[in-house]
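*Asks:* Mind having a look at this structure? Questions to follow.
The values are calculated or read from the model by the stated rules, or taken from the named source; none is laboratory data. These figures come from a predicted structure and were not determined experimentally. Cβ sites come from the backbone with ideal geometry, for glycine too, and all protein chains shown count toward neighbours.
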Amino acid sequence: KAGVTQTPRYLIKTRGQQVTLSCSPISGHRSVSWYQQTPGQGLQFLFEYFSETQRNKGNFPGRFSGRQFSNSRSEMNVSTLELGDSALYLCASSLSVGGLTDTQYFGPGTRLTVL
Amino acid sequence: AQRVTQPEKLLSVFKGAPVELKCNYSYSGSPELFWYVQYSRQRLQLLLRHISRESIKGFTADLNKGETSFHLKKPFAQEEDSAMYYCALSRPGDKIIFGKGTRLHILP
């Protein structure tokens, strides 16, 4: 099976802009979760989607949002970008029988740089 | 507060020596604990989970509820063990919390 794919792989934006990142899960996986990875804070959970519904949410401001489509593909959006949003954004998918306790299969990430 | 603490940012161990990566947690309830690993230029992947009680690549981890710890151990380090290791916890229906990670460097 093909793994989790994320597009684009690299992105450069300026402060105040917005950005949309895309994630395609492993075929058959219904849960998609998003994470922000930075050198200072490590890996932080953003949100999880299952059957087009947000099932769990981390402690991030409302500028961070996401959605999931009927084919399980997911997008996350960050509005009004700040310098501190520069990070590697990881997406993971799982079968989601047990929610986030299921084995998460991670994508390669999207490297976002905010100038 | 719910959190996962990995006290060592970097751990250097000689090849053939024992390895112990520490993980302590704070959680109200009975979480499931995991170790995830990221090898150089590879994706983050699950190494093991406490409920499986299995040994993966020679690594084991025992959940100590009294000490709220889930340390990762291997008796004899190999060079291919060099990677970033993340301890994490979750519970069905709840979010997942990761520690900040420990970089394991195996010295030849």
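*Asks:* For B:SER90, are the conditions met, namely being under 21 Å from A:ASN56 (Cα atoms), surrounded by 14 or more Cβ atoms within 10 Å (Cβ to Cβ) and more than 13 Å from the chain's Cα centre (by Cα)?
*Replies:* Against the criterion (under 21 Å from A:ASN56 (Cα atoms), surrounded by 14 or more Cβ atoms within 10 Å (Cβ to Cβ) and more than 13 Å from the chain's Cα centre (by Cα)), B:SER90 qualifies.
*Asks:* Is at least one residue of region B:73-86 within 8 Å of chain A (Cβ to nearest Cβ), in contact with a strand residue (DSSP E or B) (Cβ under 9 Å, 6 or more places away or on another chain) and either hydroxyl-bearing (Ser, Thr, Tyr) or on the phi < 0 side of the Ramachandran plot (or both)? Reasoning before the result, please.
*Replies:* Just the residues of region B:73-86 that are within 8 Å of chain A (Cβ to nearest Cβ), to begin with: B:86.
Pick out the ones that are also in contact with a strand residue (DSSP E or B) (Cβ under 9 Å, 6 or more places away or on another chain) and you get B:86.
After this cut, where a residue has to be either hydroxyl-bearing (Ser, Thr, Tyr) or on the phi < 0 side of the Ramachandran plot (or both) as well, the list is B:86.
Within region B:73-86, one or more residues are within 8 Å of chain A (Cβ to nearest Cβ), in contact with a strand residue (DSSP E or B) (Cβ under 9 Å, 6 or more places away or on another chain) and either hydroxyl-bearing (Ser, Thr, Tyr) or on the phi < 0 side of the Ramachandran plot (or both).
*Asks:* Could you give me the residue pairs with C-beta distances under 9 Å whose first residue belongs to region B:45-59 and is away from every other protein chain (no Cβ under 11 Å), whose second residue is part of a helix (DSSP H, G or I) and surrounded by fewer than 18 Cβ atoms within 10 Å (Cβ to Cβ) wherever it lies, and which are 6+ apart or on separate chains?
*Replies:* Filtered contacts from region B:45-59: B:LYS57/B:GLU80.
*Asks:* For the structure I just gave you, tell me whether A:GLY62 is away from chain B (no Cβ under 14 Å) and either more than 11 Å from the chain's Cα centre (by Cα) or β-branched (Val, Ile, Thr) (or both).
*Replies:* Details: away from chain B (no Cβ under 14 Å): yes; either more than 11 Å from the chain's Cα centre (by Cα) or β-branched (Val, Ile, Thr) (or both): yes.
Judged against the criteria, A:GLY62 is a match.
*Asks:* Is it fair to say B:LYS22 is surrounded by 12 or more Cβ atoms within 10 Å (Cβ to Cβ) and either under 24 Å from B:GLU79 (Cα atoms) or of a type in the set (Val, Ile, Thr) (or both)? Spell out how you get there, then give the answer.
*Replies:* Working: surrounded by 12 or more Cβ atoms within 10 Å (Cβ to Cβ): yes; either under 24 Å from B:GLU79 (Cα atoms) or of a type in the set (Val, Ile, Thr) (or both): yes.
Answer is yes for this residue.
*Asks:* Also: Among the numbered criteria (1) within 14 Å of chain B (Cβ to nearest Cβ); (2) touching a helix residue (DSSP H, G or I) at 6+ places or on another chain (Cβ under 8 Å); (3) at pLDDT 95 or above, which one does A:ARG55 miss?
*Replies:* Of (1) within 14 Å of chain B (Cβ to nearest Cβ); (2) touching a helix residue (DSSP H, G or I) at 6+ places or on another chain (Cβ under 8 Å); (3) at pLDDT 95 or above, only one is false for A:ARG55: (3).
*Asks:* Now for a different question. Go through (1) within 14 Å of chain B (Cβ to nearest Cβ); (2) more than 10 Å from the chain's Cα centre (by Cα); (3) in a strand (DSSP E or B) for A:LEU112 and report which single condition fails.
*Replies:* (1)
*Asks:* Here's another thing I want to ask about it. Say we look at region A:75-106 and pick out the residues that are among the β-branched types (Val, Ile, Thr) and either at the interface with another protein chain (Cβ under 8 Å from one of its Cβ atoms) or touching a helix residue (DSSP H, G or I) at 6+ places or on another chain (Cβ under 8 Å) (or both); which of these is surrounded by the fewest Cβ atoms within 10 Å (Cβ to Cβ)? Steps first, please.
*Replies:* Narrowing region A:75-106 to residues among the β-branched types (Val, Ile, Thr): A:78, A:80, A:97, A:101, A:103.
From the residues that got through so far, the ones that are either at the interface with another protein chain (Cβ under 8 Å from one of its Cβ atoms) or touching a helix residue (DSSP H, G or I) at 6+ places or on another chain (Cβ under 8 Å) (or both) too are A:78, A:101, A:103.
On the way: A:VAL78: 25, A:THR101: 23, A:THR103: 14.
Among those residues, the one meeting the criterion is A:THR103.
*Asks:* Please determine, by comparing only the residues of region A:8-39 that are surrounded by 12 or more Cβ atoms within 10 Å (Cβ to Cβ) and of a type in the set (Ser, Thr, Tyr), which one is farthest from A:LEU81 (Cα to Cα).
*Replies:* Here the answer is A:SER31.
*Asks:* Turning to a different aspect of this structure: Please give the number of the condition B:GLY66 fails out of (1) within 14 Å of chain A (Cβ to nearest Cβ); (2) small (Gly, Ala, Ser); (3) exposed (fewer than 13 other Cβ atoms within 10 Å of the Cβ).
*Replies:* Only one criterion in (1) within 14 Å of chain A (Cβ to nearest Cβ); (2) small (Gly, Ala, Ser); (3) exposed (fewer than 13 other Cβ atoms within 10 Å of the Cβ) is unmet by B:GLY66, namely (1).
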